[in-house]
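Some notes on the structure that comes next.
The values are calculated or read from the model by the stated rules, or taken from the named source; none is laboratory data. Not measured: the values here are computed from a predicted model. Here the Cβ positions follow ideal geometry from the backbone for every residue, glycine too, while neighbour counts run over all protein chains shown.
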Amino acid sequence: MATLSPLWRAVHLAERTVGDRLDGVVRTDAFALALGVGLRAQAEAQRHVERASRRALHLLNLPAAGDVAALRRQLGDLDRELRAVRLELELERDGREEEAA
Amino acid sequence: MSTVARAARNAVRLATGIDAPQLGGTPRDLVWRSGRCELWRYRSERVSTEPPLLLVFSLISRSSVLDLQPGSSFVEALLAAGFDVFLLDFAPADARHAGERLEDHADLHLPEAIEQTRRAAGADEVSLFGYCLGGVLALLHAAHHPDSPLRSLTCMATPVRGSQWGLWAKLARSPALDVRSLLDRDGNVPARTVHGLFRLLQPTGELRRSTTLLERLADDDHVRAHRAMTAWTDDHVAFPGEELQQLLRALMHDELAEGRFHLAGDRIDLRDIRVPMLTVLALRDHIVPEPVAAELPRLVGSERSDELRLDAGHVGLVVGRTAAKVTMPRIIDFLRQRSDAVAPRAA
């Protein structure tokens, strides 16, 4: 391995020092707690905005993005149920064919 | 060309995005698609081993890491070893998939993919291979369906004991965490949140990589590899909210490791897995650290449960020089021992 120049040695040393300290901080219970609180606050703020825009759209008898998402989710659930039924039927048919053979 | 000129040329390429690496370039064909599942078959002129190998990838990142670049591709190595390689991949989740659950994978997607693989390859069995969360899906399927036509099961860097997972375990168990706060309006964990959670595992990881890149700007091979890896690590995918809730229970609360996890009302016991099994552990894995994955060989009921402990990182298992020289040959050797040689044919 080539010898590092003094500049790069200094850069790597600084980066390791900062990195090791940051790694230590993010592994603490306090950080996890702060992160959880921060995420919750951010999500609540977003929900507040979405509730307001949903009320406004509903007043105009228009669907909100959440309404469309809910419908799409139902479609996805239905699709998976149908595929599960189809797989069961195929396995049953294959089982009957094997018996007949 | 001088060092300075090479560095300048690489700097321009990085800044402008020209000559960006094309990931996942090994030719393949779409065999089957259903919902957001896609089953791919990699083309080969010399399949000399059976049964076919079905790779199950993770739900939260792109499968292109298995085929990152020519010369640094896990898929290429498997094809060169004569395997008939299939990949079960998942398109990013949208609003339709927010309600998707782990049993949809274990009881629907994997059985379908196994059946389609058998049909396409004309085989009675498959060798199942899961990477990271793909390994968790493979374990759930094999435990819930002990009669699934599997010749062997390989789990690589697969988490089972999430209580050892450092910051993620602390966050999952923190009273401050409301899981809903991780979800977007569609009910999924958005890609940027997945990316952010990964960055927390190594807060200065990007700074370190950038520093190394600057230092080695004149090294064409390093710059090329850096661009390919960055393209992959920056490209996480959205992930269904229901599955997140289940994985928190299964992994972070150790329900899967301790036989307390339920799927579709059935208790999942990993001891119901009896097929020959290989667990691959990366000893320098900062994404799935060794304590999170190491217990797996002792949790399954397989008479033959082997373990490969490799001096590599999570991605280094499948990418890079160590992967090509050490990791892949040893994995391929295990798979070969549980496969049959056949007359070479095209896939």
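Odds and ends about this structure:
- Residues of the range B:50-74 classified as surrounded by fewer than 23 Cβ atoms within 10 Å (Cβ to Cβ) and out of contact with any strand residue (DSSP E or B) (no Cβ under 7 Å at 6 or more places or on another chain), total: 6
- Subset of the range B:1-48 (residues that are assigned to a strand (DSSP E or B) and in contact (Cβ under 8 Å) with a residue 40 or more places away in the chain): B:ARG28, B:VAL31, B:TRP32, B:SER34, B:CYS37, B:GLU38, B:LEU39, B:TRP40, B:ARG41, B:TYR42, B:VAL47, B:SER48
- Meets criteria (at the interface with chain B (Cβ under 7 Å from one of its Cβ atoms), in contact with a Leu (Cβ under 9 Å, 6 or more places away or on another chain), on the phi < 0 side of the Ramachandran plot and surrounded by 13 or more Cβ atoms within 10 Å (Cβ to Cβ)) for A:GLU50: no
- For the residues A:GLU90, A:GLU44, the requirement of being under 20 Å from B:VAL189 (Cβ atoms), within 11 Å of chain B (Cβ to nearest Cβ) and in a helix (DSSP H, G or I) singles out A:GLU44.
- Residue within the range B:253-261 that is more than 30 Å from B:ARG151 (Cβ to Cβ) and either modelled with pLDDT of 90 or more or surrounded by fewer than 18 Cβ atoms within 10 Å (Cβ to Cβ) (or both) present: yes
- Flag for B:VAL342 being touching a residue at least 60 places away in the same chain (Cβ under 8 Å) and under 18 Å from B:VAL65 (Cβ atoms): no
- The combined condition, being surrounded by 12 or more Cβ atoms within 10 Å (Cβ to Cβ), at the interface with another protein chain (Cβ under 7 Å from one of its Cβ atoms) and at negative phi, is fulfilled by A:VAL11.
- Flag if B:VAL194 is within 21 Å of B:VAL288 (Cβ to Cβ), touching a residue at least 24 places away in the same chain (Cβ under 8 Å), touching a helix residue (DSSP H, G or I) at 6+ places or on another chain (Cβ under 6 Å) and not hydroxyl-bearing (Ser, Thr, Tyr): no
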